[in-house]
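To keep things clear, I will list the structure first and then write my remarks on it.
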Amino acid sequence: MLRFVGISILTFGLSFPTIVRAAPYPQPVRARHTMVVTAEREATHVGFAVLRAGGNAVDAAVAVGYALAVTDPCCGNLGGGGFMIYRPAHGTARFLDFREVAPRAARADLYLNRQGQLIPGSSLYSWKAIGVPGTVAGLELARRLWGTWSRARLIAPAIRLAQSGFVLTPGDVRLFDDDAGRLAQDPHAVRVFFSHGHPLGVGVRLRQPTLAKTLERIARGGARAFYAGSIGRAIVAASRRHGGILTRADFLDYRPVVTHPLRCRYRGVDVITAPPPGGGATLCEMLDILKGYPLGRYGFHSVRSVHFITEAMRFAYADRNTFLGDPAYVHMPLRRLLSRAYARSIRHRIAPMRATPSSEVRPGVSLNPEGHDTTQYSIVDRWGNAVSVTYTLNTFFGTGFMAPHTGFFLNNEMDDFTTAPGHPNAYALVQGAANDIAPGKRPLSSMTPTIATRGGHLLIITGSPGGSTITTTVLQVILNLVDYHLGAAAAVDAPRFHMQWEPDQIDYEPGAFSAQTMDLLRRSGYRLHAGSPWGSRYWGDAETVIVTPSGWLEGVNDVRYPAGLAQGN
Ligand code: GLY
């Protein structure tokens, strides 16, 4: 069914006719009691089956986490890490950080040659690019703290999918095709994802017996099987053979962290999100700045709205790239970055309708002296417990390397650190010393799993993959609902735009702006760039649940990822 989205173009002093555009967004899935939305349909079925059989949202999240490692190998993972926001229906919301950490032998100059220059590809596609994985420890901790089912019961569907396989659809294989050249470099990956020299195609059944054995080991031995047992040992041995720096001690040391989420308030909506090293501080800073502008009155993607949103992104990313890092290693001026006075001081610096050159934006300028591919899933259970998880291998399939006898890809999350001063990472982010590499440190992330409530009631469960565009994707889902009152599907599916301080440009998806809007933006000093800042054609899929005022759960599988599914009852 088609949805029709009214898009009103209001401009500064000029008036254009309202443009009404037919957007072929599918209707959300509506349900009364439970909802699971993931980027891959088999994993959604797994989560839904858990909920239907009486498991809670965390049980479903753990089962989905393991299932995606099988059915969505670009992004779902055992060899990466991520974040979870858990908001129980009764009690206190929690943040679970199972981000990868730098190995003990990692130093700030790990990827530099003797001349102090970055060794090309070393932080992305070498065995030195691998951070100590956190996913298994994270999923296990979530299950123990907040779940109700046994580990074996939650991993069983993933084992079944790995053993019996599942039939590939066009949505599944598009990424294998895109990354075929890189995956072809690893003999273990070739055995799983290639047949007669070609990546597996549509209609083929993907079976992963080695991965099934790994999952069986985890089901029997838990996180210990991964970190202290044969799985970790296989990774360390492969790392050593290929010039990596991972050791047994790195695996034995790994601990996920449970802490308080970051909270901010936007037009009566309480936002519960990922604190550093996650992207929530940047999300909240943008929302704080944008409170001062009547975006709803300006209109969805009107020139004025785009201007102020872009400027909020610019200032908040300047601060992100300069001040933020792992809170266990760096002191961050979060209180002031998220203060009303600071938001006001930024608004004073934003001209009514003129782009601020990024070169003139000094991060934290008005602070007084003191006194960082990925997949998202969102779940609500029948009791109202909600979970938002974003976890990642960094780029699609991470390093593209598998250790022998493991069957899963290893991350290249080390590239999320500041790998060389002034050098952009895979997501074109130029970051600072706060995010320098240090042993045991977590790289700064853009992942922003987020739950929003209004008047104490669940409103939005969202998050996204998409590297540096993650945080601005979450921002736009919120703005689309709160300011522009778009329906659930339009709020998620509408084309987006992005700005990250450097490069000084507005990146946009096809269809984001009318020709007039683009013309006016250019005349206001903006440089427009079609596509993501790093040239990818993929924009993040914000797999989202929205709760309507009458209590319906609306699950939206982002139109950008047709392999996904929303399912509820
Ligand atoms: N690896 C992408 C991020 O964590 O931001």
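The values are calculated or read from the model by the stated rules, or taken from the named source; none is laboratory data. All figures in this text were calculated on a predicted structure; none of them were measured in a lab. As a convention, Cβ positions derive from the backbone with ideal geometry for all residues, glycine included, and neighbour counts pool all protein chains shown.
Of all the criteria given as (1) touching an Asp or Glu at 6+ places or on another chain (Cβ under 8 Å); (2) buried (at least 23 other Cβ atoms within 10 Å of the Cβ); (3) more than 22 Å from Arg174 (Cα to Cα), the one not satisfied by Val556 is (3). Of the candidates Ile155, Ile218, the single residue that is touching a Lys or Arg at 6+ places or on another chain (Cβ under 9 Å) and under 26 Å from Arg41 (Cβ atoms) is Ile218.
Quick check on the stretch 86-109. Is at least one of its residues out of contact with any strand residue (DSSP E or B) (no Cβ under 7 Å at 6 or more places or on another chain), within 20 Å of Ala426 (Cβ to Cβ) and surrounded by fewer than 20 Cβ atoms within 10 Å (Cβ to Cβ)? Yes, the stretch 86-109 contains at least one residue that is out of contact with any strand residue (DSSP E or B) (no Cβ under 7 Å at 6 or more places or on another chain), within 20 Å of Ala426 (Cβ to Cβ) and surrounded by fewer than 20 Cβ atoms within 10 Å (Cβ to Cβ). Of the residues making up the stretch 448-456, one or more are surrounded by 24 or more Cβ atoms within 10 Å (Cβ to Cβ) and near the ligand (Cβ under 10 Å from one of its atoms).
On the stretch given as the stretch 457-477, residues that are away from the ligand (no atom under 12 Å from the Cβ) and not in a helix (DSSP H, G or I) total 6. Just a yes or no: is a residue in the stretch 244-254 hydrophobic (A, V, I, L, M, F, W, C), within 24 Å of Val136 (Cβ to Cβ), outside any helix (DSSP H, G or I) and more than 18 Å from the chain's Cα centre (by Cα)? Checked against the condition, which is being hydrophobic (A, V, I, L, M, F, W, C), within 24 Å of Val136 (Cβ to Cβ), outside any helix (DSSP H, G or I) and more than 18 Å from the chain's Cα centre (by Cα), the stretch 244-254 yields at least one hit. Of the listed requirements (1) in contact with a Pro (Cβ under 8 Å, 6 or more places away or on another chain); (2) hydroxyl-bearing (Ser, Thr, Tyr); (3) under 28 Å from Gly165 (Cα atoms), Ser230 misses just one: (1).
Summed over the stretch 505-518, residues that are surrounded by fewer than 19 Cβ atoms within 10 Å (Cβ to Cβ) and either of a type in the set (Ser, Thr, Tyr) or in contact with a Ser or Thr (Cβ under 7 Å, 6 or more places away or on another chain) (or both) total 1. Quickly run through the stretch 519-535 and pick out the residues that are crowded, with 18+ Cβ neighbours inside 10 Å and within 28 Å of the chain's Cα centre (by Cα). Scanning the stretch 519-535 gives Tyr526, Ser532, Pro533. Just one residue in the set Asp493, Asp483 is closer than 23 Å to Val269 by Cα, surrounded by fewer than 24 Cβ atoms within 10 Å (Cβ to Cβ) and at pLDDT 95 or above; that residue is Asp483. Answer yes if at least one residue in the stretch 436-453 is outside any loop (DSSP other than H, G, I, E, B), in contact with a Gly (Cβ under 8 Å, 6 or more places away or on another chain) and either among the hydrophobic types (A, V, I, L, M, F, W, C) or farther than 23 Å from Gly82 by Cβ (or both), and no otherwise. No: zero hits. When you scan the stretch 512-524, do you find a residue that is closer than 24 Å to Tyr427 by Cα and among the aromatic types (Phe, Trp, Tyr), even just one? Yes, the stretch 512-524 contains at least one residue that is closer than 24 Å to Tyr427 by Cα and among the aromatic types (Phe, Trp, Tyr).
Checking each residue in the stretch 414-435 for being within 20 Å of the chain's Cα centre (by Cα) and away from the ligand (no atom under 13 Å from the Cβ) picks out Thr418, Pro424, Val430. Please indicate, with yes or no, whether at least one residue in the stretch 255-273 is modelled with pLDDT of 95 or more, part of a helix (DSSP H, G or I), crowded, with 23+ Cβ neighbours inside 10 Å and of a type outside the set (Lys, Arg). Looking for residues that are modelled with pLDDT of 95 or more, part of a helix (DSSP H, G or I), crowded, with 23+ Cβ neighbours inside 10 Å and of a type outside the set (Lys, Arg), one finds none in the stretch 255-273, hence no. Selection of the stretch 359-389 for residues being at pLDDT 95 or above and either under 30 Å from Leu521 (Cβ atoms) or assigned to a loop (DSSP other than H, G, I, E, B) (or both) yields Gln376, Asp381, Arg382, Trp383, Gly384, Asn385. Within the stretch 379-406, the residues that satisfy the criterion of being within 21 Å of Glu100 (Cα to Cα) and surrounded by fewer than 24 Cβ atoms within 10 Å (Cβ to Cβ) are Phe396, Gly400, Pro404, Thr406.
For Arg217, the conditions (1) within 23 Å of Phe98 (Cα to Cα); (2) assigned to a loop (DSSP other than H, G, I, E, B) all hold with the exception of (2). Picking from residues in the stretch 385-413 that are more than 20 Å from Leu139 (Cβ to Cβ) and of a type in the set (Val, Ile, Thr), the one that is farthest from the ligand (Cβ to nearest atom) is Thr399.
If you scan the stretch 375-415, which residues turn out to be touching a Leu at 6+ places or on another chain (Cβ under 8 Å) and of a type in the set (Val, Ile, Thr)? Thr375, Ile379, Val380, Thr395, Thr399, Thr406, listed by residue number. Condition (residue is within 16 Å of the ligand (Cβ to nearest atom) and either outside any loop (DSSP other than H, G, I, E, B) or in contact with a Leu (Cβ under 6 Å, 6 or more places away or on another chain) (or both)) applied to the stretch 342-354: is it met by at least one residue? The answer is no, given that none of the residues of the stretch 342-354 is within 16 Å of the ligand (Cβ to nearest atom) and either outside any loop (DSSP other than H, G, I, E, B) or in contact with a Leu (Cβ under 6 Å, 6 or more places away or on another chain) (or both). Scanning the stretch 138-152 for residues that are part of a helix (DSSP H, G or I) and crowded, with 18+ Cβ neighbours inside 10 Å yields Gly138, Leu139, Glu140, Leu141, Ala142, Arg143, Trp146, Arg151. Figure legend. Inter-residue proximity from the stretch 117-137: first residues over 15 Å from Phe396 (Cα atoms), second residues basic (Lys, Arg) and crowded, with 24+ Cβ neighbours inside 10 Å, beta-carbon distance below 7 Å, spacing 6+ or different chains. Indicated pairs: Gly134/Arg99.
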